[in-house]
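Visitor: Please read through the structure below; I'll follow up with questions.
The values are calculated or read from the model by the stated rules, or taken from the named source; none is laboratory data. Fair warning: this is a prediction, and the values are worked out from it, not measured in the lab. Reconstructed Cβ throughout: ideal geometry from the backbone, glycine too, with neighbour counts over all protein chains shown. With ligands, DNA and RNA removed, areas are computed over all heavy atoms of the protein, side chains included. Shrake-Rupley method; radii C 1.70, N 1.55, O 1.52, S 1.80 Å.
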Amino acid sequence: MTLADRWKRWRARGVSPASAAPSVPPHSFEDDVTGLVNRRVMHDTLVAALQDETPGAVVMFDLDNFKYFNDRHGHGIGDELLRLVAARLRETLATAACLARVGGDEFMAFLPGRTLAAALREAQACLDRMREPVVLSASAEIVTLSAGVATLAAESARAVDAVWRACDAAVQAAKARGRDRVVAFDDDTRRIVASRRDLLSTVAELQERNRALREEARTDALTGLRNRLALDELLHAVAGDGDRRVQRAAVAFIDVDHFGNFNHMHGDAAGDDALRTVAHAIRACAREADLVFRKGGEEFVVVLPDAYGDAAIAAAERIRGAVVGLALPHAGSTAAGVVTVTIGVASGPPGATLRQLLEAAAERAMAAKVGEQRNRVHAVRLPDVEAPQPR
């Protein structure tokens, strides 16, 4: 059966062009918006052409800036535009064996018997026709197409997927050259596509490197926790401002007791080991949503989202107990014979900033240390405050 026979039988709603399947409903072949045939029919048509060794060319059209058009006018007007494009392509390519909407704003035509040069001329005629003003929703606009052309005979693999990829690559080359033009899939197009892929690969690699560098810059080298820079960035957030991490948050300020004495008596290397061990214990006590920082030296900060009052105090007490449970010997401490921490924990009303909470928690902890109330949790609640006004 020839390609023309298959096409006629499909038009009569008989069988699929390539598979000779039993009769199916029209919507299995037609695009609901434009009334053109769909991707399935185009695929079967090209399969049949390859099986019958029918020469010809395939043209893919892509609407330029269609997303912007949809965003500006709405999807209803966008569908009107798609129907208008389909009508103009149907008029201009009246002798096409198959004209389909193959997805989104993409159309494809199979032109049997055409050389590459002839197909380029017909595709250019479609672009010229499309430049005529489009009147939709009482406004006139110029809408353009980009087109890519490939021949069946040019693909040594003689596979539909290869032809499809060739057309798509030519379309991308047309868009890279400024849109509103026709490009044939040739050696120049291959080079453009290869260069574009290399560029995308390079951009992706640079983005990954930048992400890694950004993360490294915000990580404390000794403990692996977030560092002072990461904390400062978070301190600009407002509890309850929509950031899920800091809604109704409490802040715990943690200070290792008599750490200067520890370093003096046990050495700096042992001090570093102790800080790493304490950091691990704090992190192990934290919930997945909690944000743990090493503020600097022997000071740590934990932001506790959705913790308030007794819940925040209980979280801080778990941390204090976990550090004591490490049983790290500390001969220079007056609080205990092991490493301990003093914790100030602050919570407040919606509108209190994390910076306010941290300052209150730190002041409470320092006051406790001065008052020789170490190895304890000291809570403070900020009075109601007005939310900062937008700048």
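Visitor: Along the Cα→Cβ direction, 7 angstrom out, place labels at MET366 and LEU222. What is the inter-label distance in nm?
Guide: Each label point lies 7 Å from its Cα, and together they span 1.9 nm.
Visitor: Okay, moving on. Tell me, in nm to one decimal, what length is gained between LEU136 and ALA87 on full extension, where the rule is 0.36 nm per residue of separation less the Cα-Cα distance?
Guide: Taking LEU136 through ALA87 to full extension adds about 16.2 nm, to one decimal.
Visitor: If you don't mind, another one. What spacing in nm lies between the two simple spin-label points modelled at ASP52 and ALA270, each 7 Å away from Cα in the Cβ direction?
Guide: For ASP52 paired with ALA270, the spin-label model returns 9.0 nm.
Visitor: Between CYS98 and residues 5 or more places away or on another chain, which pairs have amide H atoms under 5 Å apart, with H built 1.01 Å from N, and which residues are they?
Guide: Long-range HN contacts for CYS98: PHE110.
Visitor: Kirkwood Rh, region 29-133, all Cα pairs: how many Å? Please list the in-between numbers first.
Guide: Numbers: mean 1/r = 0.0703 Å⁻¹.
14.2 Å is the Kirkwood radius here.
Visitor: Where in region 250-281 does the amide nitrogen come within less than 12 Å of the point 7 Å from the Cα of ALA289, taken along Cα to Cβ?
Guide: Only 250 pass the distance filter.
Visitor: If I compute solvent accessible area with a 1.4 Å probe over the protein chains, what percent of it on region 289-391 is carbon and sulfur?
Guide: Details: 2520 of 4680 Å².
Reported share for carbon and sulfur atoms: 54 percent.
Visitor: Pop out the ³J(HN,Hα) list for region 348-357 in order, Karplus 6.51 cos²θ - 1.76 cosθ + 1.60 with θ = phi - 60°, rounded to Hz; leave Gly and Pro as x.
Guide: Once rounded to whole Hz, the list reads x, x, x, x, 6, 7, 4, 5, 4, 5.
Visitor: Once both labels are modelled 7 Å past Cα along the beta-carbon direction, what's the ASP188-ALA117 spacing in nm?
Guide: 1.6
Visitor: Determine which aspartates and glutamates satisfy two conditions relative to LYS369: a Cα distance under 16 Å, and not lying fewer than 8 residues away in the same chain.
Guide: Partners within reach: ASP255, ASP257, GLU298, GLU299, GLU359.
Visitor: Tell me, what HN-Hα J-couplings in whole Hz come from the Karplus equation 6.51 cos²θ - 1.76 cosθ + 1.60 at θ = phi - 60° for each residue of region 159-169, using x for Gly and Pro?
Guide: In residue order, the calculated couplings are 10, 4, 4, 5, 5, 4, 5, 5, 4, 5, 4 Hz.
Visitor: Taking region 211-332 on its own, what percent of its Cα-Cα pair distances exceed 22 Å? Mind showing how you got there, number by number?
Guide: On the way: 2731 of 7381 pairs.
Across region 211-332, Cα pairs with separations above 22 Å total 37 percent.
Visitor: I need the Debye-formula profile for region 295-387: one equal scatterer per C-alpha, no solvent, reported as log10 I(q)/I(0) at q = 0.12, 0.13, 0.20 1/Å, two decimals.
Guide: -0.39, -0.45, -0.97
Visitor: Here is a further query. Given a 1.4 Å probe and the protein chains all in place, what does the accessible area of PHE253 round to, in Å² to the nearest 10?
Guide: 10
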